[in-house]
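The values are calculated or read from the model by the stated rules, or taken from the named source; none is laboratory data. Quick caveat, the model's predicted, so the values are computed rather than measured. Neighbour counts are summed over all protein chains in view; Cβ atoms, including those assigned to glycine, are modelled from backbone coordinates with ideal geometry.
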Amino acid sequence: MHTRNIIAAILLVISLICLVPGLMQPILSLKIGAALPLVGTLTLHESSQSILKTIETLNENNNALVAFLILLFSIIVPLFKAVSLLSVLLIKKLRNHSRLHKFIALISKWSMADVFVVGVFIAFLSSQSNEALEAKLGTGFYWFLAYCLISIAASQVMTTEKA
């Protein structure tokens, strides 16, 4: 195996290790409160959700389309990409080797889709921020971001040339 592909395989395994807590750890924490005279600050709502919990909650609240899109771009595309990359790396006589690699490069940009959406959402919340609203990124966001960046690096390092 070509040295670059060994590095790509290692990066791919590391990215999949990052994906698991990225999906299971809290990605966003919200705290909504109200400042009341004489009483002080009162917490009205506090929640912390992972990507998996968000998908479940959206589905339960009849937002199946949004739940499906998050499922598609956060779980299905990353897993398909990982299996495809491993196939390209490990199966030497795979038909359409370079075509599959080009397809992976095409879908790779969608792996960052919900990181971008969460970033825009956080930017919105911070611009609307006041004493009553507090939004914080959770550890799941950083794990998922690490997955995205390492996975992109793996596909960039990988080569389909014969060693």
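Here are the numbers for the structure shown:
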item	result
Qualifying residues in region 32-57 (those that are part of a helix (DSSP H, G or I) and among the aliphatic types (A, V, I, L, M)) - the one nearest to the chain's Cα centre (by Cα)	ILE51
Cβ pairs under 8 Å, 6+ apart, first in region 4-29 and basic (Lys, Arg), second buried (at least 20 other Cβ atoms within 10 Å of the Cβ)	ARG4/MET158
Residue identified as outside any loop (DSSP other than H, G, I, E, B), surrounded by fewer than 15 Cβ atoms within 10 Å (Cβ to Cβ) and of a type outside the set (A, V, I, L, M) among PHE73, PHE68	PHE68
Residue among SER84, SER29, SER74 that is among the hydroxyl-bearing types (Ser, Thr, Tyr) and within 13 Å of the chain's Cα centre (by Cα)	SER74
Exclusive hit being modelled with pLDDT under 85 and under 12 Å from the mean Cα position of the chain (by Cα), set ALA105, ALA146, ALA113	ALA113
Total residues in region 32-41, condition surrounded by 10 or more Cβ atoms within 10 Å (Cβ to Cβ) and modelled with pLDDT of 80 or more	3
Tabulated pairs, region 75-86, first aliphatic (A, V, I, L, M), second modelled with pLDDT under 85 and surrounded by fewer than 17 Cβ atoms within 10 Å (Cβ to Cβ), C-beta under 8 angstrom, 6+ apart or interchain	VAL77/ILE107; VAL77/TRP110
